[in-house]
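Contents: one structure, followed by commentary.
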């Protein structure tokens with residue numbers, strides 16, 4: 001593209017161009033052979049200034065600016081050349097169309113490439129290539145109104161330099177950013193930055209050894225809780241294949257020595273671009289192992305109960321095409337997958353797509369993000385924050401600091417994942433204060449399904465990502481302790497306001513009690529609602545794990561209704577719980593039901609909130 005090849009002349013004759021302009025043109029060619037395109041462009045600009053009819057100089061200028069993605073100036077120079085002699089310069093129609101498309105003028109690009117295809121003398125490869133780009137431009141016309149309001153903002157000089165920065169990854173609280181910087185044009189290292197209280201990024205620092213080495217570390221992904229860094233290492237000593245996936249843990253303020261994640265994730269083939277789900281249970285990555293749908297496909301491996309990764313599963317034909325898929329990113333909502341592909345219909349060589357998870361767990365057909373997020377160039381990866389609208393990507397835009405810079409922008413509504421907030425804290429012994437490693441279950445109360453089960457680390461720390469707009473039950477369990485139970489509604493909640501909950505677990509002791517916050521009844525009824533089953537099953541588990549424990553279920557009401565009515569209602573509700581436990585195999589001798597009506601209120605009956613607190617079901621340990 002950088003060399004303007006002279007074709008058979010029509011009305012234009014280069015011999016009619018001034019000697020000075022031709023001398024400058026030759027100087028430009030010499031600069032091009034030295035890869036000094038800035039100098040070459042300067043000579044060519046002087047040449048067309050000296051002789052405005054110099055078609056070859058305009059054509060060469062257009063080629064230089066096209067190669068450096070300065071599409072507007074490239075289109076201008078190609079157009080000037082075509083205006084001088086459209087027959088002599090007819091091969092420029094292809095490049096002119098590309099420059100116009102680079103500026104988003106796809107209708108004009110279609111017209112120009114149609115003219116090019118009507119030219120005589122095109123060989124088969126040229127015609128095939130032109131037809132491919134014609135399809136790209138026509139596809140782009142259908143996406144022009146899709147990505148409205150696209151206004152990327154450079155992350156600034158604390159992050160970006162004159163070297164390439166790319167592959168951004170953030171923790172769920174959006175306060176820690178890890179990305180790749182290419183040093184000296186050959187060595188990839190990871191850098192880290194933190195968001196301060198004023199909303200500004202700190203000066204990015206090299207995270208150093210043992211993660212960064214003289215080898216190339218790339219495609220980094222920090223887990224949503226900030227505890228794991230996964231990345232690809234190619235041609236590392238002791239690797240399984242050409243590229244393997246490695247991980248490092250953040251412990252006591254530093255990153256541990258990286259480890260190869262091992263088989264079956266890594267293989268003798270190319271395994272790269274890892275991404276963890278927010279609960280750290282699903283690992284998405286790219287591989288060119290046999291058995292896929294194209295060159296490279298996206299796979300997922302699930303964390304097993306023994307702490308190892310399961311056999312990778314291909315995401316199937318709704319994600320993977322006959323081409324190459326890359327750069328998978330699973331949002332914190334665990335329902336939206338972003339990825340790059342050159343196999344699905346798109347605008348350029350590689351476009352970014354998103355797919356939604358279906359109710360049965362499969363993935364829906366991918367949707368192209370559209371222009372101008374996708375362009376005629378290689379658009380490789382996207383990271384979307386937990387708020388569902390703030391996206392990060394790398395670009396070599398003209399307002400940057402040099403080469404690739406990191407930018408953020410607001411993703412248009414239709415492509416946004418579910419807004420997601422996080423619940424963060426630690427679990428501890430309510431008597432001694434000692435931190436406890438425990439299991440935490442999040443249940444969607446609308447369908448009774450477990451959204452996720454996570455395990456605290458050895459210090460009892462946990463982080464759970466939750467899509468807003470739903471009601472959840474929250475259970476924490478550990479043998480020898482009463483389980484913790486709570487429920488909360490995230491309908492209408494802002495993802496900018498996370499929950500911080502430190503959970504004290506009560507050791508099992510006689511006369512200890514707990515309110516069962518996820519036992520539900522309709523008004524004036526004692527039939528258990530379906531949303532109660534998850535809580536009831538937690539009681540079953542408690543009784544199974546502690547076979548010597550006996551319990552009493554107490555029922556309470558507010559003061560609406562007569563005393564005899566309330567007493568009977570509370571007793572029947574307690575008995576409904578006991579009956580369910582018996583149906584699940586708990587011996588009746590270990591269970592007792594008792595109703596207290598509206599006695600023993602825990603709040604005022606003068607308000608709706610107080611009455612709701614008084615209508616409760618309670619578990620009391622009567623023996624162990």
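For this structure, a couple of remarks:
- When the range 458-469 is filtered for residues that are surrounded by 14 or more Cβ atoms within 10 Å (Cβ to Cβ) and at pLDDT below 80, the ones remaining, listed by number, are 466, 467, 468.
- Number of positions in the range 543-593 that are out of contact with any strand residue (DSSP E or B) (no Cβ under 6 Å at 6 or more places or on another chain) and touching a residue at least 60 places away in the same chain (Cβ under 8 Å): 5
- Here is the figure for the range 295-330: residues that are surrounded by 14 or more Cβ atoms within 10 Å (Cβ to Cβ), closer than 25 Å to residue 444 by Cβ and modelled with pLDDT of 95 or more total 8.
- Test: residue 241 is surrounded by fewer than 21 Cβ atoms within 10 Å (Cβ to Cβ), outside the structural domain of residue 454 (by TED's automatic domain parsing) and outside any strand (DSSP E or B): yes
- A single entry from 165, 188 fulfils the requirement of being surrounded by 20 or more Cβ atoms within 10 Å (Cβ to Cβ) and more than 24 Å from residue 410 (Cα to Cα): 188.
- Scanning the range 320-341 for residues that are part of a loop (DSSP other than H, G, I, E, B) and under 14 Å from residue 416 (Cβ atoms) yields a count of 4.
The values are calculated or read from the model by the stated rules, or taken from the named source; none is laboratory data. All values reported here derive from a predicted model rather than from experimental measurement. A quick note on method: Cβ atoms are made from the backbone with ideal geometry, for glycine too, and the neighbour counts reach across all protein chains shown.
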